[in-house]
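This report concerns only the one structure given below.
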Amino acid sequence: MGAIYRREMGSFFTSGLGYVFLTVFYAFSGYFFYTEVIESGISDTSPMFARMFIMFIFLIPVLTMRLLSEEKKNRTDQGLLTAPINLWEIVMGKYMAAFTLFVIAECIVFVYALVLRYLGSVVWASLIGNFTAMLFLGAAFIAIGIFVSSLTENQMAAAVVSFVVMLIFYLFDETLLIRVSNDTVREVLTALSFRTRYYEFTKGVFSLSSILFFLSTAFLFNFFTVRVLEKRRWS
Amino acid sequence: MIEVKNLTKKYGDKLAVNDISFKVEKGEILGFLGPNGAGKSTTMNMLTGYISSTSGHILINGKDILEQPKEAKANIGYLPEIPPLYLDMTVDAYLNFMFDLKKCKLPRRAHLDDVCGLCKITDVRKRVIKNLSKGYKQRVGLAQALINNPPVLILDEPTVGLDPNQIIEIRSLIKKLGKKHTVILSSHILPEIQAVCDRIIIINKGTVAADGTADEIAKNITNEHKMTMRIEGGTHTASDKEKIVSALRSISGVKYVRADMEREKGIYDYDIETDGKTDVRREINKVCRDNGWNIMMLQLSDLTLEDIFLKITMGENFDMNSEKKESKPRPRINLVSESDSGANDDGDKNESEKKADKKTDKSDSAGGDK
């Protein structure tokens, strides 16, 4: 796992993809920080975090698209799958690399906190709560992105499909769900709504069940990815 | 070291590998030979655990590749058809990555220096793999397989893309490696297999068509105990033939004699088959001398590995152990049609022999008639 993790981290920066991801992330979050926090004159960072959700939908597919699709295309998966390691180590190595980059990006909010501190006071509870929510949301989305990447050899296809999948999760909000007439279906869909769960945090509610939801999504999709790799061997 | 039992792989309905079994002993260099699409790469991919088998077992050093994949894979170094190289890495970074991936416990610097020295890539270690020539990429692929000194090396067409000098180098390297490692190597280049391998398995259409050393295969397939002789009788007429045939038949060790066509005026050819144990040439010589006949020619039907390969893979329904092979037409050098002599050589053959002859004539005249 360590070897794959280190290789992927290196590859993010030699290919430039890591820089692109960080630059775009910083630029947009900076913009949201300016419009939602500084300009509005409210020192609570929650509105900024709420706006950042849509950014993930575009940026996380970029991070995950080539992780497994390119291995398959260049046949480098032959090296990985014939090495004396198990499939979980391969998937987790890649997952943790993408997640690390995501955390590096996310930590920019502490820079914003410093700026806020200079201008006024920081609502630390809200900031830390939102930061945690974003961390786990990212964890879930990255797992979804890697799963999609394992299904194809084409990184653009992987990016577009992960984008669409995440967009669907984004569109699942209260205004849409309210139109579902069947109660049971609505309840299930509400429980699966990433957006509703994430927005809970931005409203100041720290929901442990949502954290668990994101964590289990991450685990489930990593598990699916392992199964896809396993299935490819058996087909 | 490697044991393969009844290995089968199906892709949907297509049978890619059909019931292959073989064993490779420690320190052996085994060559897989076969035309494109014969199932060589599929077999190798199964041996290394990249794909699973539909049925059958593979034991590497006693460990089943599907049941104990980690332990089994730790024994293998694999160079696939397309080397698994990350093009954006430098050779050094890549080899270090493979070193970690294989969880190698050897001293890193010294081991990587060794491997690079063996594969002659020391001078490109700082370069990005993307910019290397195909030959260098192939050698980096080989270096990667050698990391951690695996007891088993599986090399899928290792000399593809190399120039003649490099091919010779790689061959001698493989031979050298064969002293310490068990090597399985695939190729469709015959001289390569002949030059490097102790043992050859010819794979065709997913099955093992032949297994043995080059000599053994040649012997089994071509029936080296078959020969063609041209003997000049006393009278230069067809009546010589019967005398000669019966005289030859009386020699112990001769299984079958057949008079062939008239090659030179009044002189006939004879196909002789022995039991494969006795060398009857001296005895034949003696009989001829006693009868005053002259031996004009003696030719053992000896095929090169190339002939065998073509014979096996060109769609002939070949079966090494079947009796049918005795009625198979042997390759000939003559350009004259055989059918015109068919009336002469009836003699005292039984029905099946006659049938066999007819078959021979038919296929010969269909194939090579002028």
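Screening region B:1-42 for residues that are in a helix (DSSP H, G or I) and either among the hydroxyl-bearing types (Ser, Thr, Tyr) or farther than 20 Å from A:ASP77 by Cβ (or both) and picking the one that is farthest from the other protein chains (Cβ to nearest Cβ) gives B:THR42. Across region B:43-63, the qualifying residues are those that are assigned to a strand (DSSP E or B) and closer than 14 Å to B:LYS23 by Cβ, and the one among them that is nearest to the other protein chains (Cβ to nearest Cβ) is B:ILE60. Applying the set (1) away from chain A (no Cβ under 14 Å); (2) closer than 19 Å to B:GLY77 by Cβ to B:PHE97 leaves exactly one unmet item: (1).
Picking from B:ARG249, B:ARG263, which residue would you name as being touching an Asp or Glu at 6+ places or on another chain (Cβ under 6 Å) and either surrounded by fewer than 14 Cβ atoms within 10 Å (Cβ to Cβ) or modelled with pLDDT under 80 (or both)?
B:ARG263
Working carefully through the options B:LEU95, B:LEU106, B:LEU85, find the one that is touching a residue at least 40 places away in the same chain (Cβ under 8 Å), among the hydrophobic types (A, V, I, L, M, F, W, C) and within 30 Å of B:GLN194 (Cα to Cα).
Numbers: B:LEU95 fails: within 30 Å of B:GLN194 (Cα to Cα); B:LEU106 fails: within 30 Å of B:GLN194 (Cα to Cα).
Testing whether each residue is touching a residue at least 40 places away in the same chain (Cβ under 8 Å), among the hydrophobic types (A, V, I, L, M, F, W, C) and within 30 Å of B:GLN194 (Cα to Cα) leaves just B:LEU85.
Screening A:GLU71, A:GLU106 for residues that are within 14 Å of chain B (Cβ to nearest Cβ) and either out of contact with any Ser or Thr (no Cβ under 8 Å at 6 or more places or on another chain) or of a type outside the set (A, V, I, L, M, F, W, C) (or both) leaves exactly one candidate, A:GLU71. The number of residues in region B:70-92 that are of a type in the set (Gly, Ala, Ser), more than 7 Å from every other protein chain (Cβ to nearest Cβ) and farther than 16 Å from B:GLN138 by Cα comes to 1.
Scan B:LEU47, B:LEU66 and give me the residue that is over 22 Å from the mean Cα position of the chain (by Cα) and of a type in the set (A, V, I, L, M, F, W, C).
Working: B:LEU47 fails: over 22 Å from the mean Cα position of the chain (by Cα).
Only one candidate passes the filter, namely B:LEU66.
Within region A:172-204, being part of a helix (DSSP H, G or I), touching a residue at least 24 places away in the same chain (Cβ under 8 Å) and either hydrophobic (A, V, I, L, M, F, W, C) or touching a strand residue (DSSP E or B) at 6+ places or on another chain (Cβ under 6 Å) (or both) holds for A:PHE194, A:PHE201. Apart from one condition, B:ILE272 fits all of (1) farther than 17 Å from B:ASN291 by Cα; (2) β-branched (Val, Ile, Thr); (3) outside any strand (DSSP E or B); the exception is (3). Could you check how many residues of region B:276-297 are touching a Leu at 6+ places or on another chain (Cβ under 8 Å) and farther than 16 Å from B:LYS243 by Cβ? Result for region B:276-297: 1.
Kindly evaluate A:LEU114 against the criterion of being at negative phi, of a type in the set (A, V, I, L, M) and in contact with a helix residue (DSSP H, G or I) (Cβ under 8 Å, 6 or more places away or on another chain). Walk me through it before giving the result.
On the way: at negative phi: yes; of a type in the set (A, V, I, L, M): yes; in contact with a helix residue (DSSP H, G or I) (Cβ under 8 Å, 6 or more places away or on another chain): no.
Against the criterion (at negative phi, of a type in the set (A, V, I, L, M) and in contact with a helix residue (DSSP H, G or I) (Cβ under 8 Å, 6 or more places away or on another chain)), A:LEU114 does not qualify.
Among the numbered conditions (1) closer than 23 Å to B:LEU87 by Cβ; (2) free of Cβ contacts under 8 Å to residues at least 60 places away in the same chain, the only one that A:PRO61 does not meet is (2).
When restricted to residues that are part of a loop (DSSP other than H, G, I, E, B) and either of a type in the set (Gly, Ala, Ser) or in contact (Cβ under 8 Å) with a residue 40 or more places away in the chain (or both), region B:243-269 contains 4.
Inside region B:143-242, counting only helices (runs of 4 or more DSSP H) that do not spill past its ends, which hold 3 or more residues that are at pLDDT 85 or above?
Values: elements: B:164-180, B:190-196, B:214-222.
By residue number, B:164-180.
Would you point out the residue of region B:166-210, among those that are of a type in the set (Gly, Ala, Ser) and closer than 15 Å to B:LEU155 by Cα, that is surrounded by the most Cβ atoms within 10 Å (Cβ to Cβ)? Quick ask: steps written out before the conclusion?
First, pick out the residues of region B:166-210 that are of a type in the set (Gly, Ala, Ser): B:172, B:178, B:186-187, B:195, B:206, B:209-210.
Now narrow it down to the ones that are closer than 15 Å to B:LEU155 by Cα: B:172, B:178, B:186-187.
Values: B:SER172: 12, B:GLY178: 19, B:SER186: 23, B:SER187: 21.
By that ranking, first place goes to B:SER186.
No other residue among A:GLU153, A:GLU200, A:GLU174, A:GLU187 is over 17 Å from A:MET55 (Cα atoms), modelled with pLDDT of 90 or more and charged (D, E, K, R) apart from A:GLU153.
Taking the criterion of being in contact (Cβ under 8 Å) with a residue 60 or more places away in the chain and at positive phi, would at least one residue in region B:41-60 satisfy it? Looking for residues that are in contact (Cβ under 8 Å) with a residue 60 or more places away in the chain and at positive phi, one finds none in region B:41-60, hence no.
Only one of B:ILE284, B:ILE312 is under 24 Å from B:HIS236 (Cβ atoms) and either modelled with pLDDT of 70 or more or within 14 Å of the chain's Cα centre (by Cα) (or both). Can you tell me which?
B:ILE284
The values are calculated or read from the model by the stated rules, or taken from the named source; none is laboratory data. What you see is a predicted model; the values in this text were computed from it and never measured. Neighbour counts are summed over all protein chains in view; Cβ atoms, including those assigned to glycine, are modelled from backbone coordinates with ideal geometry.
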